[in-house]
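The structure under discussion appears below in the form of structure tokens.
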Amino acid sequence: MTDLRSKVAIVTGGGSGIGRAIAERFARAGARVAVVDIAEGAPFRCDVSRPPDVLRVFQTIHKDLGPPDILVNSAGVAHVGNVEQTSEEDFDRLYAVNVKGVYNCMKAVVPAMKGRGGAILNLASVASSVGLADRFAYSMTKGAVSVRSPESLHETLS
């Protein structure tokens with residue numbers, strides 16, 4: 001991996017799973033890593049579905065660690081069920097975290113990256129493009145953040 005000693009990386013969902021593995025790998029490469037998670041004991045506790053929480057935590061990270069160079073949107077919630085088994089409340093929660101959470105974090109970090117550059121990684125899932133039984137709502141939300149072409153964001157940060 002590239003030397004990240006001069007970089008600040010924010011990893012949402014960094015308290016467990018893939019997010020944790022990414023945070024640990026970035027730390028081994030020398031990055032100052034801000035682990036953002038909803039779980040108790042997370043260094044930067046935050047519900048990414050709540051814009052005020054995201055702004056507060058990202059401002060704290062900027063103050064404590066410096067301006068962010070990398071954002072990894074790894075926070076997410078899963079759900080098992082087809083359309084008939086998925087309640088509106090379940091669907092709303094999946095959308096709020098898996099889609100709007102990505103938007104909230106990008107919206108909070110882009111101003112700090114604008115003009116200086118950076119990298120934003122939005123984690124999706126194979127479920128975004130492959131039909132998986134009983135993953136209706138999860139697949140929809142992961143499909144919403146599965147972007148094949150980063151040109152529009154690159155233009156934003158330039």
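The values are calculated or read from the model by the stated rules, or taken from the named source; none is laboratory data. All values derive from a computational prediction rather than experimental measurement. When we count neighbours, we look across all protein chains shown, and the Cβ atoms used for this are built from the backbone with ideal geometry, even at glycine.
Within the option set GLY76, GLY117, being within 16 Å of the chain's Cα centre (by Cα) and among the small types (Gly, Ala, Ser) holds for one residue only, GLY76.
Quick one: would you say GLU84 is at pLDDT below 95 and of a type in the set (D, E, K, R)?
Details: at pLDDT below 95: yes; of a type in the set (D, E, K, R): yes.
So GLU84 passes the test.
For GLY30, the stated conditions hold: it is assigned to a loop (DSSP other than H, G, I, E, B) and surrounded by fewer than 19 Cβ atoms within 10 Å (Cβ to Cβ). Looking for something out of contact with any Cys (no Cβ under 6 Å at 6 or more places or on another chain), touching a residue at least 12 places away in the same chain (Cβ under 8 Å) and on the phi > 0 side of the Ramachandran plot - is there at least one such residue anywhere in the range 44-62? Checking the range 44-62: not a single residue is out of contact with any Cys (no Cβ under 6 Å at 6 or more places or on another chain), touching a residue at least 12 places away in the same chain (Cβ under 8 Å) and on the phi > 0 side of the Ramachandran plot.
How many residues are free of Cβ contacts under 8 Å to residues at least 24 places away in the same chain and among the small types (Gly, Ala, Ser) when one looks only at the range 7-22? It would help to see each step written out before you state the result.
We begin by selecting, within the range 7-22, every residue free of Cβ contacts under 8 Å to residues at least 24 places away in the same chain; these are 16, 20-21.
From what's left, among the small types (Gly, Ala, Ser): 16, 21.
Count: 2.
Taking the criterion of being part of a loop (DSSP other than H, G, I, E, B) and either closer than 20 Å to LEU55 by Cβ or at pLDDT 90 or above (or both), the residues of the range 87-135 that qualify are SER87, LYS114, GLY115, ARG116, GLY117, GLY118. Only one of the numbered conditions (1) modelled with pLDDT of 95 or more; (2) out of contact with any Cys (no Cβ under 7 Å at 6 or more places or on another chain) is not met by ASN73, and that is (2).
On the basis of being on the phi < 0 side of the Ramachandran plot, of a type in the set (Ser, Thr, Tyr) and crowded, with 20+ Cβ neighbours inside 10 Å, does THR2 make the cut? Quick ask: steps written out before the conclusion?
Working: on the phi < 0 side of the Ramachandran plot: yes; of a type in the set (Ser, Thr, Tyr): yes; crowded, with 20+ Cβ neighbours inside 10 Å: no.
The answer is no for THR2.
Only a single item in (1) at pLDDT 95 or above; (2) surrounded by fewer than 18 Cβ atoms within 10 Å (Cβ to Cβ) is not met by GLY19, and it is number (2).
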